[in-house]
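Colleague: Provided herewith is a single structure, encoded as structure tokens, for subsequent inquiry.
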Amino acid sequence: MKNKKLEKLNENYNNIEIPENLDYVVNETLNKRKPVNKKWLSSAAVMAILVGGINLSPAFANTLEQIPVVGNIIKVVRLSNYNLNENGFEVSIDVSKVEGLKNKELQENINKEMEKDAKKLYQEYVKETKELEKDNILGREMAKSWSETMTNNDKVLSLVVYRYDAQGSSNTTRKFYNINKKNETALTLETMFSRKDYVNIISENIKKQMEEQMKNDLDKAYWLNDPEMKDGNFTKINKDQGFYINDKNELVICFDKYEVAPGYMGLVEFTIPSDVLNPDLG
């Protein structure tokens with residue numbers, strides 16, 4: 001959709017009729033005034049074209065109205081990468097950072113934590129590689145870490161850092177960073193919900209979703225009321241349970257592999273309907 005809008009914008013721009021006496025008008029202006037800065041002239045020319053385009057074409061104006069105004073852009077960028085590839089051991093650890101926050105203390109704390117975690121993880125893998133090499137244990141092993149921006153809209157930035165290990169069997173864990181862009185503070189479950197019983201409300205909804213999924217799909221399995229699991233059954237989320245906010249501003253509760261289900265279920269997520277508990281995003 002966005003590409004079509006830009007194509008239409010370009011088409012309208014190319015169809016703008018340039019007055020036949022434009023050269024004369026420009027020359028007259030330059031001759032009567034003091035030398036003009038070229039950058040200013042270029043900007044003025046662009047502005048004149050835009051204004052002319054709006055007057056000449058309603059479609060052009062409508063397209064411009066849908067283009068977001070460039071302001072304080074908060075984004076996530078890839079800073080660096082720690083990598084190692086020797087003796088069958090492959091390591092790739094990305095380091096990301098958040099940019100554009102006015103709250104520099106929050107931005108610095110998040111960036112320092114992500115960089116610290118990445119360095120620590122890399123050092124652990126390097127140490128393990130040397131130990132395996134010392135014991136003449138060679139084999140194909142892989143370790144990766146990378147980030148993914150789940151949501152970046154006018155209300156929230158949700159960032160997830162993944163850690164993947166493949167040493168015989170594989171495992172993936174996640175760490176979540178959520179920022180309220182309205183007041184530039186870290187989002188937590190506790191700060192989003194005024195009701196103190198949010199843990200129980202969310203947990204009961206997740207149980208219902210688990211039951212419904214298992215009922216409708218025999219391939220789905222969760223550790224819920226399973227006699228064999230005993231204390232391993234899911235009862236309720238943690239107060240600091242991992243989560244992100246999706247592009248509909250809905251709360252998505254996340255569980256790592258093996259946390260609430262057998263390994264083949266992988267990473268598990270549950271979207272909490274807004275009518276159950278609507279997160280306060282400012």
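The values are calculated or read from the model by the stated rules, or taken from the named source; none is laboratory data. Model, not experiment: these values are computed from the prediction. Note that each Cβ is placed from the backbone with ideal geometry, even for glycine, and that neighbours are counted across all protein chains shown.
Colleague: Only one residue in 91, 160, 126, 95 is in contact with a Gly (Cβ under 9 Å, 6 or more places away or on another chain) and among the hydrophobic types (A, V, I, L, M, F, W, C). Which one? Walk me through it before giving the result.
Modeller: Details: 91 fails: in contact with a Gly (Cβ under 9 Å, 6 or more places away or on another chain); 126 fails: in contact with a Gly (Cβ under 9 Å, 6 or more places away or on another chain); 95 fails: in contact with a Gly (Cβ under 9 Å, 6 or more places away or on another chain).
So the residue among 91, 160, 126, 95 that is in contact with a Gly (Cβ under 9 Å, 6 or more places away or on another chain) and among the hydrophobic types (A, V, I, L, M, F, W, C) is 160.
Colleague: On to the next question. Do the conditions hold for residue 174, that is, is it out of contact with any Asp or Glu (no Cβ under 8 Å at 6 or more places or on another chain) and either within 30 Å of residue 264 (Cα to Cα) or surrounded by fewer than 18 Cβ atoms within 10 Å (Cβ to Cβ) (or both)? Give the steps one after another, and end with the answer.
Modeller: Numbers: out of contact with any Asp or Glu (no Cβ under 8 Å at 6 or more places or on another chain): no; either within 30 Å of residue 264 (Cα to Cα) or surrounded by fewer than 18 Cβ atoms within 10 Å (Cβ to Cβ) (or both): yes.
It is false that residue 174 is out of contact with any Asp or Glu (no Cβ under 8 Å at 6 or more places or on another chain) and either within 30 Å of residue 264 (Cα to Cα) or surrounded by fewer than 18 Cβ atoms within 10 Å (Cβ to Cβ) (or both).
Colleague: Now for a different question. Residue 110 passes all but one of (1) within 18 Å of residue 188 (Cα to Cα); (2) hydrophobic (A, V, I, L, M, F, W, C); (3) in contact with a Ser or Thr (Cβ under 7 Å, 6 or more places away or on another chain); (4) in a helix (DSSP H, G or I); which number fails?
Modeller: Just one mismatch for residue 110, condition (3).
Colleague: Hey, another quick one. Looking only at region 269-282, count every residue that is at pLDDT 95 or above, touching a helix residue (DSSP H, G or I) at 6+ places or on another chain (Cβ under 9 Å) and either surrounded by fewer than 17 Cβ atoms within 10 Å (Cβ to Cβ) or under 21 Å from residue 169 (Cα atoms) (or both) and tell me the total. Before the answer, list the steps.
Modeller: The first filter runs over region 269-282 and keeps only residues at pLDDT 95 or above, leaving 269-272.
Right, trim to touching a helix residue (DSSP H, G or I) at 6+ places or on another chain (Cβ under 9 Å) and you get 270-272.
Applying the additional criterion that residues be either surrounded by fewer than 17 Cβ atoms within 10 Å (Cβ to Cβ) or under 21 Å from residue 169 (Cα atoms) (or both) yields 271.
The qualifying residues number 1.
Colleague: Inspect all residues belonging to region 222-242 and state whether any of them is of a type in the set (A, V, I, L, M, F, W, C), surrounded by 15 or more Cβ atoms within 10 Å (Cβ to Cβ), modelled with pLDDT of 95 or more and not in a loop (DSSP other than H, G, I, E, B).
Modeller: No.
Colleague: Only one residue in 149, 129 is among the hydroxyl-bearing types (Ser, Thr, Tyr) and at pLDDT below 95. Which one? Don't jump to the end; show me each part of the working.
Modeller: Working: 149 fails: at pLDDT below 95.
Only one candidate qualifies: 129.
Colleague: Within the group 208, 120, 127, which residue is under 16 Å from residue 253 (Cβ atoms), free of Cβ contacts under 8 Å to residues at least 12 places away in the same chain and part of a helix (DSSP H, G or I)?
Modeller: Details: 120 fails: under 16 Å from residue 253 (Cβ atoms); 127 fails: under 16 Å from residue 253 (Cβ atoms).
After applying the criteria, what remains is 208.
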